[in-house]
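Chemist: Once you've had a glance at the structure underneath, I'll fire off some questions.
The values are calculated or read from the model by the stated rules, or taken from the named source; none is laboratory data. A quick note: this is a predicted structure, and the numbers were derived from the prediction, not measured. Protein only, heavy atoms only, side chains kept; ligands, DNA and RNA dropped before computing areas. Shrake-Rupley method; radii C 1.70, N 1.55, O 1.52, S 1.80 Å.
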Amino acid sequence: MDLKKSIREVPDFPIPGILFRDITTVLKEPDVLKSAVDAMAALLEGIEFDAILGPESRGFIFGMPLAYKLGKGFIPVRKAGKLPAETARKEYSLEYGCSIIEIHKDAVTPGKRFVLVDDLLATGGTAKATVELIEEMGGTVATSIFFIELADLGGRKILQGCDVKSLLVYE
């Protein structure tokens with residue numbers, strides 16, 4: 001199945017000059033969604049890991065079904081103030097300011113290996129912050145996988161030193 005054909009392109013969203021790749025058209029069709037999750041799971045063949053990490057909120061969309069399909073746990077990486085128990089946090093810069101991600105302190109056991117899953121690799125800021133946070137907690141990110149990569153925005157370069165796999169790449 002050609003998954004790129006299932007992605008809606010929305011010009012000038014959220015601002016003029018941007019071509020937005022809308023995945024809701026993938027998510028609404030059961031066969032297309034299944035193909036997307038199966039293809040992402042195939043990217044993980046042969047990789048040893050303990051759990052999947054998914055950044056809020058769209059990392060949940062692909063991270064949860066992958067965790068279920070592969071028989072792994074899922075760890076949510078949330079925006080500040082959203083998790084109820086004790087957290088570790090990482091502040092990071094964005095083009096327009098800064099943001100903070102958090103994870104429960106008991107979610108990462110030192111020595112464990114994780115897979116970072118998200119819908120999109122663009123500039124790489126959130127992914128890099130997630131990798132750094134996991135490493136600071138004693139874990140290792142075995143690989144990161146993305147449904148879509150916007151190659152010209154340089155996210156892969158920001159994640160230099162990390163294994164990066166993308167299902168669909170737009171140049």
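Chemist: Which percent, nearest 5, of DSSP beta bridges in the chain are antiparallel?
Modeler: So the antiparallel bridges in the chain amount to around 40 percent.
Chemist: Which aspartates and glutamates have a Cα less than 20 Å from the Cα of Lys34, not counting those fewer than 8 places away in the same chain?
Modeler: By straight Cα distance, Lys34 reaches Asp2, Asp22, Glu45, Asp118, Asp119, Glu149.
Chemist: For the chain, give the percent of accessible area contributed by carbon and sulfur heavy atoms, probe 1.4 Å, rounded to a whole number.
Modeler: That share works out to 51 percent.
Chemist: Still on this structure, please answer the following. What ³J(HN,Hα) values, in whole Hz, does the Karplus curve 6.51 cos²θ - 1.76 cosθ + 1.60 give for the range 118-133 when θ = phi - 60°, with x put for Gly and Pro?
Modeler: Here the 3J(HN,Hα) series is 8, 7, 9, 10, 10, 7, x, x, 5, 5, 4, 4, 5, 4, 4, 5 Hz.
Chemist: Mind listing the phi-derived Karplus ³J(HN,Hα) values for the range 26-42, rounded to whole Hz, using 6.51, -1.76 and 1.60 with θ = phi - 60°, and x for any glycine or proline?
Modeler: 6, 5, 7, 9, x, 5, 6, 4, 4, 4, 5, 5, 4, 5, 5, 4, 4
Chemist: Defining a contact as two alpha carbons under 8 Å apart and six or more residues distant in sequence, what relative contact order in percent does the chain show?
Modeler: 18 percent.
Chemist: Another question about this same structure. Please compute the length gained on full extension between Thr123 and Ile100, using 0.36 nm multiplied by the number of residues separating them and subtracting their Cα-Cα distance.
Modeler: This chain segment gains 6.7 nm when fully extended.
Chemist: What does the accessible area per residue of the chain come to in Å², with a 1.4 Å probe and no ligands, DNA or RNA counted?
Modeler: Here the residues of the chain average 53 Å² of exposed surface.
Chemist: Can you work out the base-10 log of I(q)/I(0) for the range 1-153 at q = 0.16, 0.17 1/Å, using the Debye formula on its C-alpha atoms alone?
Modeler: Per q value, in the given order, log10 I(q)/I(0) is -0.92, -1.03.
Chemist: Taking Cα centroids, how far is the range 1-78 from the range 110-166 in Å?
Modeler: That distance is 14 Å.
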